[in-house]
Every structure is written in C-alpha cells, then in structure tokens.
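*Asks:* One structure follows; several queries about it will come next.
No value in this document is a laboratory result; all are computed from the given coordinates. Here the structure is a predicted model, which means the values were calculated and not measured. Here the Cβ is made from the backbone with ideal geometry for all residues, glycine too, and neighbour counts use every protein chain on show.
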C-alpha cells in the first residue's frame, strides 16, 4: 500500500494529505441548516452535516491530492450516526481514488489489537462470509503496549496489502513528557523508532515499508534525526499550519529522493474559508477556499522539499 | 463516579468487573443461528448475536457485580452495526444499575482527545441541543501523548462526574518493551504513575480520585509498588484468569481498607461455558455458567483481599 501511496504522491506531485476532521464549527451554516431541517438538531443531523461538508471538500480537491486522513474522534463524538458518517466518508474517498489514512490511534493487547486491525484494515468473519467494516488503507497505531499490540496490525497489513503509521513523536506541546524521556541516554521516541524499523522490515513494499511512523512537524530536530535513522520508514507529519509547523521545518523530513514524508493539514484546509486569506471565497464557497488552500500548501511544501 | 463505584463494590461485596468482550466464537450456536436467520450472515447479524449474548450474561449476573467493562474493539470490528451493539450494551447495563467502564484506550492531541472525551463520557453540542453519544461512566485512556492528551478527559470528568482509568502497566507480555524502560533509574510506568497521581488530585471524589489507572494482574510486583505510591488511585486490574493472573497475585493491589482495586475477567466469565469446569451447564445455559463463574471469581478475589 505504501507503494500505491508513493505512486499517487508522485503522479500528483503532492506529498500532502488533507485531514478530514470536521468540527461542527467548521461547517458552513447553510449545510448545517439543510441537515438539521432533514434530521433535526440530532446526532443524525450532525452526522449528515459533517458528511455533506466532507463531500464538498473531497469533490473540490480529490484531483490535487493523493490521500485524506479522517480523524475518527471527530465522528465518534456523534455516536453511531457519526461512525456511519466516518464509514461513508472513507468509502466515498476511495471511490474518488484517494488513499485513506484512518487516524484512529488504536492499540491494545494482542487479541484486542487483532479486532481493531480487522475492523479498520482487514476483514471480519461472520459465519461463512467476510466483511471489511471500515476498510481504510492505513491506520495510525499507538505503540505504548509494545510489540504484541502492534503485531496483529502487521499480520493484516501483510495479508491485505495495507499499512500503518505508528506514533513515534506526536505534534502536541506535552508530547515530550514521556516520549522525550531518556533511557540510557536515548530518548524513548528513538527506542520506539527502532522498533518501528524492526516491525517495518517484515512489511517492505518497494523501497519503503508498509509500517510508517508519525512525527510532528512541530519537532523538526527530532524529525531530522529520525529521518536518518529510519531510511525506509515513511513519515506521516501532522502539525503543519494550525499547530505551528512551517514548510522550512519540513524539508528535513524528506529523503534525498524527495520522498519519505507526507504532510497533513486539517484545519488549515477544511476550515480555510474562516481564515483571513481565504474569506474572499465566502462561506458558501468553502470548498473552493479549501481547494485554494490545498494548492497553496502543495506549493509551499514542494518549495521546501526540492 | 469513583465513589459510586465503591458504593456498588461494597454493597455487592464484589471488587470485580465483567469484561463484555464478545468474540463470535464465544456466542452459543443457537444465538448465532437466530441472529443470522433474522439478519443474514451480515455485520448486522453479528451485531445482533453479540448483543443477545451480552444481554443473557448481564441478566444472569447484574445482581452480583458492580460493573461491566465492554471492550469496544470487539464491537468496532463489526463496523457501524457493531458500534450500535456497543451503545445498546452500555445503555442496557446502565438500566440494570451497572457501572460501565468503556475499555476504549483513546488518547490523542488535545482537541482530538476532547472529542473522544465528549463522545464517551460527556455531551456533544448539536445546534441548540446536547447529546450523550456513548455515555459510559468511565473510559480507559492511553497516556503516550502526555498531559494535553489527558486533560480534556479530566475536564469532562469534573463537569459530568465521570472517571477514567489511565494505562500505566498493561497486562500483555510485551508491555515492558517501553513501559519498563528506566529513566534515571525509574521505570516509565512509575513516571506515568506520578502523572496519574497529579491528574488525579484535581478530580478527587471522596477518598479516591476519579482518575484511576490500569495495572495488569500479570505484574504483581509492580502492582505492589504502585499501590503504595498511589494511595488515592483506584486500580483497574486486567489479566486475571485467562491471561494468567491469580488471586494470590492480586492481594497486593488492594489497600488496607479492602478497597483500591477492581479486578476484570472477560473470557473467564463470558466464555465460561466452554471451560471444562462449567461444561456441565451446556451451551444453551451459557449465562448460568457465567453466573457460576462470577460467584467463583468473587469468592476467589475476596479470599485474597481479606
């Protein structure tokens, strides 16, 4: 699957992913109004609103981008209808030829991680039938439980040609509390990185592994170091834009081949219509504002990686 | 909420929680057959089967136990219908007076953790209305992202009188890979424990905090140490029974007041009918087998904590 992601990145010349993290506050009023008229101010209404909002953004940007990254928490907060909107979003993006990275940050003991792996990337058996429940292409995975929490994901990746991105160094301000702690002089994020490389060896798919990692744009020095230590690991980079990471910071997340990293922006794209530089589009044209923000982001990132 | 949990534990004299982690392989054939006849061998059929299975166990045990702990992965693997079965299970258990610990192991950057906290423990705003989407009483939380991934849960706990159990030392064999690594001589799980105590201070509810922790029954020496270090932190203890933890191991997870810990068993209770000692009940009486297993577990644990 990483090979397919790289093909799409190369074809579109865009090492970027759009984070479909729809807060209701980002959804233009006319979309909320229509959804609430049909379903009332209910969880179903909220789910319809975020689905229509997503659809608009996907329709306006799918030709420019290789991938999307829906953050499942933003759907899960609306309960079962929200989860249905997540599933619908994943399916629609795949129909449009986009690769879908489910930002689910799951991870548990072995038998439980196996259920997550099956539900998000694999197929679950029901009697004599098999079903792909959420069917993302990649999922993000939390490493705190160690190898036996990650291995069930590796099994599914191998069987189904899917991929994962394991959290190494997250973009948030307090990520260092545990991740930066030094063990015999080596920070925990580096130890996790070594394990990611080890897990990744089993799952090579061309020059890169189907086991990638997450390193926040907000910690460029660590990105630089980990980039060198993990030459075959694709880096999913959150934290660009709204969280403070700049394109200059990002140059060092790429290998010399111009590959090796894919940069996410969520708010910066999907809520572009609320940003001063894009208000000219107007609330009704929020999707065009997102398209322009994608174009600007691609230019910005490509300027840095070349 | 921890005060309410303690009241229920005391009233029923049972510091135990039943893990509702329904694998289809645990569900008796007659229940699967009825569900598949109604919904086909579909995700809806699987969801109906696990819901009916859960209902049977809850009806047969709710008078004996204070709480249940549904593991969401076992529902999530069946997609949207599975999530509906999770929600139905949570609601039904609450109707029966049980406290529900959602074993969701969520955790992300601040704004995303806020969405998880709202979706599982709090209320989400839709227009002029508010909804509790999954509405568990407690949720388990992964600490890898540090304080700003946990704090949104604390906010919701304070507002809604709910609780969390933060992973400190998990029960699985490879949990030590990262959790046991020593930072200046102190294992990471102890550092996480110190943070749990700090977070917990903000959320006291009687003698204990609404911020509890998870320490596996499979690591009793660490349980003993952490019990002393975290006198006001309730410990949720997985790993008893099927994973190898014994009641003798568990004695040291309790404080001198006989409180401070609640022990989970999943497979050992819900799949009791498949265990040699309970096969006499027969597949059709799986719920009675679960009831007997609960009685035996309570006796076993109480023998150790007294």
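*Asks:* Could you work out the helix-only [θ] at 222 nm for chain A, with each DSSP H run of four or more residues adding -39,500 (n - 2.57) and the total divided by the number of residues, to the nearest 500 deg cm²/dmol?
*Replies:* Helix contribution divided over all residues of chain A: -14000 deg cm²/dmol.
*Asks:* Follow-up question, since we're still on this one. Sort the following peptides by mean Cβ neighbour count (other Cβ atoms within 10 Å, averaged over residues), highest first: A:221-233, B:54-66, B:9-21, B:229-241.
*Replies:* B:229-241, B:9-21, B:54-66, A:221-233
*Asks:* Report, largest value first, the span of the C-alpha coordinates of segment A:99-209 along each principal axis, in whole Å.
*Replies:* 52, 29, 25
*Asks:* Here is a follow-up. Can you give me the Cα centroid spacing of segment B:86-157 and segment A:216-275 in angstrom?
*Replies:* 30
*Asks:* Compute and list, largest first, the equivalent-ellipsoid semi-axes of segment B:2-301 from the alpha carbon gyration tensor, each √(5λ) rounded to a whole angstrom.
*Replies:* Equivalent-ellipsoid dimensions as semi-axes: 30, 24, 17 Å.
*Asks:* Additional query: Other chains' Cβ within 10 Å of B:65-78 residues: what's the mean?
*Replies:* Mean shielding count: 5.
*Asks:* 7 Å along Cα→Cβ for the label point: how many nanometres lie between residue B:63 and each equivalent label in the other copies, listed shortest first?
*Replies:* List, nearest first: 6.9 nm.
*Asks:* A further question on this structure: Can you give the average number of partner chain beta-carbon atoms within 10 Å of each beta-carbon in peptide B:19-32, as a whole number?
*Replies:* For this peptide, the per-residue mean of nearby foreign Cβ atoms is 1.
*Asks:* Nearest-5 percent of antiparallel DSSP beta bridges in the protein assembly as shown?
*Replies:* 20
*Asks:* Using all C-alpha to C-alpha distances in segment A:175-262, build P(r) with 10 Å bins and read off the rounded percent in each one.
*Replies:* With 10 Å bins starting at 0, P(r) equals 18, 50, 29, 3.
*Asks:* Enter the mean number of other protein chain beta carbons within 10 Å of the beta carbon of each residue in A:128-134, as an integer.
*Replies:* Counting Cβ atoms of other protein chains within 10 Å of each residue's Cβ and averaging gives 5.
*Asks:* How big is the convex hull of the Cα atoms of segment B:1-50, per residue, in Å³?
*Replies:* Spelled out: Cα convex hull of segment B:1-50, divided by residues, is 116 Å³.
*Asks:* For a distance above 16 Å, tell me the whole-number percent of Cα pairs in segment B:229-306 that qualify.
*Replies:* Tail fraction, whole percent: 52.
*Asks:* So, one more: Considering only DSSP beta bridges with both partners in segment B:160-301, what is the antiparallel share in %, to the nearest 5?
*Replies:* So the antiparallel bridges in segment B:160-301 amount to around 25 percent.
*Asks:* Calculate, for residue B:299 and residue B:276, the FRET efficiency according to 1/(1 + (r/R0)^6) with r their C-beta to C-beta distance and R0 22 Å; round to the nearest 0.05.
*Replies:* That gives a FRET efficiency of 0.75.
*Asks:* Equivalent ellipsoid semi-axes for segment B:31-149, as square roots of 5 times the alpha carbon gyration tensor eigenvalues: give them largest first, rounded to whole Å.
*Replies:* The answer is 27, 17, 14 Å, longest axis first.
*Asks:* Indicate, rounded to the nearest 5 percent, the antiparallel portion of the DSSP beta bridges found entirely in chain A.
*Replies:* 20
*Asks:* Compute the FRET efficiency between residue A:242 and residue A:38 as 1/(1 + (r/R0)^6), taking r as their Cβ-Cβ distance and R0 = 25 Å, and round to the nearest 0.05.
*Replies:* Calculated transfer efficiency: 0.20.
*Asks:* Once you have the alpha carbon radius of gyration of the protein assembly as shown, what is it after dividing by 2.2 N^0.38 Å, with N set to its residue count?
*Replies:* Working it through for the protein assembly as shown, the quotient is 0.93.
*Asks:* Okay, moving on. In nm, one decimal, shortest first: how far is the label point of residue A:7 (7 Å from Cα along Cα to beta carbon) from the matching points in the other copies?
*Replies:* In ascending order, 6.1 nm.
*Asks:* Further, regarding this structure: Could you please rank B:112, B:246, A:42, placing first whichever residue has the fewest other Cβ atoms within 10 Å of its Cβ?
*Replies:* Going from sparsest to densest Cβ surroundings: B:246, A:42, B:112.
*Asks:* Continuing with this model, one more query. Quick one: label points 7 angstrom along Cα→Cβ at residue B:201, distances to the other copies in nm, smallest first?
*Replies:* Residue B:201 label point versus its equivalents elsewhere: 4.5 nm.
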